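What follows is a single structure, written as structure tokens, with notes after it.
Values quoted throughout were computed directly from the atomic coordinates according to the rules given, and no laboratory measurement underlies them. Since the structure is predicted, the reported quantities are computational estimates derived from the model, not experimental observations. Cβ atoms come from the backbone with ideal geometry, glycine included; neighbour counts cover every protein chain shown.
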């Protein structure tokens with residue numbers, strides 16, 4: 001009789017290129033998959049938007065696995081207890097999972113592996129969620145990288161493991177709904193109209209991007225009105241596709257058409273930035289709470305719940321920032337350039353602690369993961385190791401005029417400004433009275449006045465950073 005193996009799924013909700021799932025199938029074993037809504041101390045649970053995506057993704061994966069003879073079990077609780085309990089219930093011979101990299105995650109996985117070994121189970125961790133394991137890429141001195149460019153130059157010269165094929169399918173079984181006790185956030189239902197979820201959707205998104213949008217990616221990705229980004233970030237966050245699959249798909253396109261090489265290289269450098277953030281995550285304390293540059297622990301942040309609330313709700317009086325915050329609330333996503341602008345305004349002009357912004361993004365974005373979300377916030381705030389310098393403070397009016405010159409993005413997400421002429425769309429508070437009247441805009445009424453003076457607040461931010 002064939003043995004039974006258990007696969008513990010985490011951020012790898014896919015069948016193809018899933019090393020743990022494939023390893024569990026070796027030798028013709030029966031396989032059961034497990035997902036745990038963890039209450040393990042220190043392991044960060046998904047935010048509200050992430051929980052919505054997770055629920056949909058688990059349902060789709062459960063159906064796909066059942067068609068291949070694998071049952072998906074979903075439980076809640078402390079993972080150390082749950083994984084061991086399910087392994088006992090199944091009389092499993094071996095337990096497999098793909099590695100995680102946050103400090104608390106690694107500690108939990110080590111404890112779980114030790115516990116399983118102590119109870120007579122074999123437990124194995126596999127490389128499945130990054131291009132290169134953090135300990136396999138080091139400087140010439142054998143140390144972890146803290147600057148992105150040399151990290152990228154090293155990574156792109158390394159052999160990236162080929163994606164693995166799907167394991168052989170077993171006899172199909174009846175699918176039973178998973179996650180029955182799940183409670184979806186009340187506001188999250190609207191996200192469904194903006195996304196297709198699951199492994200098949202992720203594969204299609206890669207294909208569509210490389211076929212239709214790659215050529216415009218390098219230039220167009222800075223312009224929020226242009227739909228040229230890959231939109232793969234939530235699929236990567238939940239592991240509906242692996243970074244290795246994306247890497248080789250882009251490489252194949254560039255190999256087939258050398259005119260696409262530069263665009264593919266730019267895209268792959270952004271994919272590698274994800275690995276760089278995981279590199280920082282692995283080697284340092286919890287980057288969601290601890291500044292990578294120690295001096296930033298002494299930063300004198302302002303305490304202003306009013307400013308924070310205005311920023312969260314897209315009521316700052318700075319149109320491109322408000323557009324970005326409203327886009328995120330409506331869709332669970334925000335265009336990359338606008339993420340920089342919204343984060344810069346909060347951490348530098350408003351001088352509000354970057355951790356409050358990181359937590360808000362964690363809750364509202366469908367793609368917020370344990371490395372990219374805090375890593376990118378620290379980059380903008382200046383506290384990251386390869387961070388935007390403290391004196392780089394984005395001016396949202398100038399940035400709006402440059403990257404949304406016709407105001408299309410602002411008009412879409414801030415409809416009360418729809419009738420403002422292009423000249424004033426990014427700074428309506430400075431528009432002449434007759435222009436505002438004709439556009440139907442009343443500053444302080446239909447649209448707020450700016451909550452901060454950009455010039456004065458820039459000076460304040462520089463002074464605060466200079467005291468560190």
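Estimated purely from DSSP H runs of n ≥ 4, each contributing -39500 (n - 2.57), the mean residue ellipticity at 222 nm for the chain is -13500 deg cm²/dmol once divided by its residues.
Relative to the longest principal axis of the Cα atoms of the chain, the long axis of helix 103-118 makes an angle of roughly 10 degrees.
First check a/c for region 294-466, with a ≥ b ≥ c the square roots of the eigenvalues of its C-alpha gyration tensor; if it is under 1.5, answer rounded, and if not, answer prolate when a/b is larger than b/c or oblate otherwise. Walk me through the numbers on the way to the answer.
Details: a/c = 2.03, a/b = 1.55, b/c = 1.31.
It is prolate, given that a/c is not under 1.5 and a/b is the larger ratio.
What shape does region 251-378 have by the C-alpha gyration tensor, where a ≥ b ≥ c are the square roots of the eigenvalues, rounded means a/c under 1.5, and otherwise prolate means a/b greater than b/c and oblate the rest? Oblate shape, in that a/c is at least 1.5 and b/c is the bigger or equal ratio. Placing pseudo-labels 7 Å out from each Cα toward the beta carbon at residue 133 and residue 166 gives an inter-label distance of 2.8 nm.
Report, for the chain, the % of DSSP beta bridges that are antiparallel, rounded to 5. Walk me through the intermediate numbers first.
Details: 0 of 23 bridges.
If I count the DSSP bridges inside the chain, around 0 percent turn out antiparallel.
Evaluate E = 1/(1 + (r/R0)^6) for residue 435 and residue 225, where r is the Cβ-Cβ distance and R0 equals 25 Å; express this FRET efficiency to the nearest 0.05. Write down the numbers at each step before the final one.
Values: r = 22 Å, r/R0 = 0.89.
Computed FRET efficiency for residue 435 and residue 225: 0.65.
Cα axis of helix 372-381 to longest principal axis of the chain: angle in degrees, 0 to 90, nearest 10? Taking the Cα atoms of the chain, the angle to 372-381 is about 30 degrees.
Compute the Cα gyration tensor for region 1-141, then decide on rounded, prolate or oblate, letting a ≥ b ≥ c be the square roots of its eigenvalues: rounded whenever a/c is under 1.5, prolate when a/b is larger than b/c in the other cases, and oblate in all that remain.
Rounded, since a/c falls under 1.5.
Taking the number of Cβ atoms within 10 Å of each Cβ as an exposure proxy, the fewest-first ranking of 412, 237 is 412, 237. Ordering 65, 210 from the fewest to the most neighbouring beta carbons within 10 Å gives 210, 65. Counting only alpha carbon atoms, the long axis of helix 319-331 and the longest principal axis of the chain meet at about 30°.
How many nm separate the modelled label positions at residue 140 and residue 204, each set 7 Å beyond the Cα in the direction of the Cβ? A separation of 4.9 nm, rounded to one decimal place. Compared with the direct C-alpha span, the chain from residue 157 to residue 305 gains 48.6 nm at full extension, assuming 0.36 nm per residue.
For residue 88 and residue 67, what does the FRET efficiency come to when R0 = 30 Å and r is the distance between their Cβ atoms, rounded to the nearest 0.05? The value I calculate is 0.65. Once the Cβ-Cβ distance of residue 174 and residue 124 is raised to the sixth power relative to R0 = 35 Å, the FRET efficiency obtained is 0.75. Between region 406-456 and region 256-290, what is the C-alpha centre distance in whole Å? Spelled out, the Cα-based centre of one part sits 36 Å from the other.
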